[in-house]
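Note sheet for the following structure.
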């Protein structure tokens, strides 16, 4: 008995660490492999491009129809005035949080594993923000007056009212997009220089050369570049927290049961990062497979991302519990009705339970390492989580609005074909932009991968270990 | 560095030790080119101060002041409105936009400041004329001695570089 205990492995056996970079490809090999997708078109690219281009065309048609006719073509009604436009806005902008989280937060925390995934995550952020911005603009009803949202001296002598949360949104989203774009582009500059120097034709060399700004890679350039990049990361980090907090204030400063809650800012931020990681995985896994990047985006990366999904998923579960508890504990009859009756047993109860199943149960898969490192499990789970997060926004917006204080004003809401077309159209546009990105830009941060490799090799030689 | 000598090395470690040796010999106007930011090169090159943090801080401050100022002018001075009896000058309500504009100002300044400090965009530079220099962004590491270094001498500095066993030594600019 004693001997069997002694020989059996300890309960928490240290499993072998999966490396961040499998093998030690030379800098030239890394460059070649990661830039080849820029010079050749991958298998199936044109097919996906065609599908997403058609979807985008349909988006343009339905947006035009909406603008010409008016938003009466949507399912919105009174009291459900926000509906799909705001559900989709919150959903997309939430997705857009993971990019900055990965690039800025993890940079400041010195997490080296971000190097091979940050570029894709940042691009994803930008594309999600473009889609997000579309919805409030269309929801204005007369989008050609969008500039009324900005404080500019007008002959009407009317100014935006900054005691409302809606102008905060304008500032938050505009700042977030600008800073994310700068951060992404700054990270790209040295890699565009590599693309310039590796380009097979003069024309491409010129195009990449223009965008590379004449980067030479001198030590002085790197020094100031690092400073600026780190500062931008430091600036983008509070933005990750602030943007979705501001979005949540659109809801929580109102009086409506289901919205009027102090947990909203952290609850929204956590949900945003949760759905964003799911979207990063959804894009990363096919890219990894198609371009055979299993040694660069290793199972360690998948493991880390799944752990983040689990952590943010658990925080979301906590938020759900607190929301329900506070609704009951407040003793307020409207709060209790919305949370404890209308949502779980009302007309949208099916969507509520789908949300619980998708958001609460799915991340529990990631308690197991084998599931965390399985690409197919992660891909499926990401799809479910993205759908789940969309239903969460549906529940927050529609169930709170459609049954407020006065039963005589209750009204059922259902979306129209235009609502569905615009939602699916933005998914197409997102896919289209992403396809263009992986076709024309270095989608793995080359210079950071080289630095990572250098650091790993230095570490090994100083410890006297052979390459893992 | 627009004129001088370039030496090409195969690894980053060779580049770092070359710079240290040249500094020991008294060269001061040195530069390196590498495909990634090589840790440990700042000290031998004595890089240690950047204007960018100051620019970013100032721009952040300007952004915050501007953000608060616009809100104050719009909602307190020019177009005051009574919203549910709340004070017209509502400081807590003005914080989100002030914060966002501070970040916006600082973020723009980090980018524009970098371009100004580095004098980019600069599509052409004498080093680009060096044959094979394109590998500086791929897998080669270069050390340059500027012709403006007080210790610089075309023959002497070339010999000093050759002693560091580089792959090759090449002049930059019209040095010949």
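The values are calculated or read from the model by the stated rules, or taken from the named source; none is laboratory data. Predicted, not measured: the structure shown is a model, and the values here were computed from it. Because the Cβ atoms are built from the backbone with ideal geometry, glycine has one as well, and the counts that use them run over all protein chains shown.
Structure summary
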{"read-out": "Residue in the stretch A:158-165 that is surrounded by 19 or more Cβ atoms within 10 Å (Cβ to Cβ), under 21 Å from residue A:433 (Cβ atoms), without any contact (Cβ under 8 Å) to a residue 24 or more places away in the chain and more than 24 Å from the chain's Cα centre (by Cα) present", "value": "no"}
{"read-out": "Which listed residue is touching a residue at least 40 places away in the same chain (Cβ under 8 Å) and under 23 Å from the mean Cα position of the chain (by Cα), from A:189, A:170, A:179", "value": "A:179"}
{"read-out": "Residue count for the stretch B:36-56, restricted to those that are more than 9 Å from chain A (Cβ to nearest Cβ) and over 30 Å from residue A:454 (Cα atoms)", "value": "2"}
{"read-out": "Looking only at the stretch A:257-273, and only at residues there that are over 22 Å from the mean Cα position of the chain (by Cα) and surrounded by fewer than 24 Cβ atoms within 10 Å (Cβ to Cβ), the one that is nearest to residue A:392 (Cα to Cα)", "value": "A:259"}
{"read-out": "Residue check, residue A:377 more than 21 Å from residue A:272 (Cβ to Cβ), surrounded by fewer than 22 Cβ atoms within 10 Å (Cβ to Cβ) and at pLDDT 95 or above", "value": "yes"}
{"read-out": "Test set (1) without any contact (Cβ under 8 Å) to a residue 60 or more places away in the chain; (2) part of a loop (DSSP other than H, G, I, E, B); (3) under 25 Å from residue A:451 (Cα atoms) - residue B:128 fails condition number", "value": "(2)"}
{"read-out": "Selection count where residues are within 14 Å of another protein chain (Cβ to nearest Cβ) and under 29 Å from the mean Cα position of the chain (by Cα), scope the stretch A:22-31", "value": "2"}
{"read-out": "Filtered residue count, the stretch B:47-71, keeping only those that are surrounded by fewer than 17 Cβ atoms within 10 Å (Cβ to Cβ) and either touching a residue at least 12 places away in the same chain (Cβ under 8 Å) or over 15 Å from the mean Cα position of the chain (by Cα) (or both)", "value": "8"}
{"read-out": "Candidate set from the stretch A:234-251 (those that are buried (at least 22 other Cβ atoms within 10 Å of the Cβ) and closer than 19 Å to residue B:63 by Cβ); member that is farthest from the other protein chains (Cβ to nearest Cβ)", "value": "A:240"}
{"read-out": "Failed condition for residue B:105, given (1) more than 30 Å from residue A:199 (Cβ to Cβ); (2) in contact with a helix residue (DSSP H, G or I) (Cβ under 9 Å, 6 or more places away or on another chain); (3) in a helix (DSSP H, G or I); (4) within 7 Å of chain A (Cβ to nearest Cβ)", "value": "(4)"}
{"read-out": "Filter result for residue B:94 (under 20 Å from residue A:232 (Cβ atoms), surrounded by 14 or more Cβ atoms within 10 Å (Cβ to Cβ) and within 9 Å of chain A (Cβ to nearest Cβ))", "value": "no"}
{"read-out": "Pairs with Cβ under 6 Å, 6+ apart, first in the stretch A:24-52 and exposed (fewer than 14 other Cβ atoms within 10 Å of the Cβ), second modelled with pLDDT of 90 or more", "value": "A:39/A:200"}
{"read-out": "Unmet criterion (only one of (1) under 18 Å from residue A:97 (Cβ atoms); (2) touching a helix residue (DSSP H, G or I) at 6+ places or on another chain (Cβ under 7 Å)) for residue A:174", "value": "(2)"}
{"read-out": "All positions within the stretch A:168-223 that are under 30 Å from residue B:92 (Cβ atoms) and within 7 Å of chain B (Cβ to nearest Cβ)", "value": "A:168, A:171, A:172, A:175, A:178, A:179, A:182"}
{"read-out": "The one condition in (1) surrounded by fewer than 18 Cβ atoms within 10 Å (Cβ to Cβ); (2) in contact with a helix residue (DSSP H, G or I) (Cβ under 6 Å, 6 or more places away or on another chain) that residue A:316 fails to fulfil", "value": "(1)"}
{"read-out": "Test: residue in the stretch A:412-420 that is part of a helix (DSSP H, G or I), touching a helix residue (DSSP H, G or I) at 6+ places or on another chain (Cβ under 8 Å) and more than 30 Å from residue A:103 (Cβ to Cβ)", "value": "yes"}
{"read-out": "Pair list, Cβ under 6 Å, 6 or more apart: the stretch A:296-324 residue touching a residue at least 60 places away in the same chain (Cβ under 8 Å) and at negative phi, other residue surrounded by fewer than 20 Cβ atoms within 10 Å (Cβ to Cβ) and part of a helix (DSSP H, G or I)", "value": "A:301/A:113; A:304/A:113"}
{"read-out": "Residue count for the stretch B:77-115, restricted to those that are at pLDDT 95 or above and over 25 Å from residue A:244 (Cβ atoms)", "value": "4"}
{"read-out": "Residue ID - surrounded by the most Cβ atoms within 10 Å (Cβ to Cβ), chosen from residues in the stretch B:73-91 that are part of a helix (DSSP H, G or I) and facing another protein chain (nearest Cβ under 9 Å)", "value": "B:75"}
{"read-out": "Among the residues listed as A:359, A:304, the single one being within 30 Å of residue A:103 (Cα to Cα), at pLDDT below 95 and not in a loop (DSSP other than H, G, I, E, B)", "value": "A:304"}
{"read-out": "From A:234, A:276, A:209, residue being assigned to a helix (DSSP H, G or I) and under 17 Å from the mean Cα position of the chain (by Cα)", "value": "A:276"}
{"read-out": "Test result for residue A:81, assigned to a helix (DSSP H, G or I) and in contact (Cβ under 8 Å) with a residue 40 or more places away in the chain", "value": "no"}
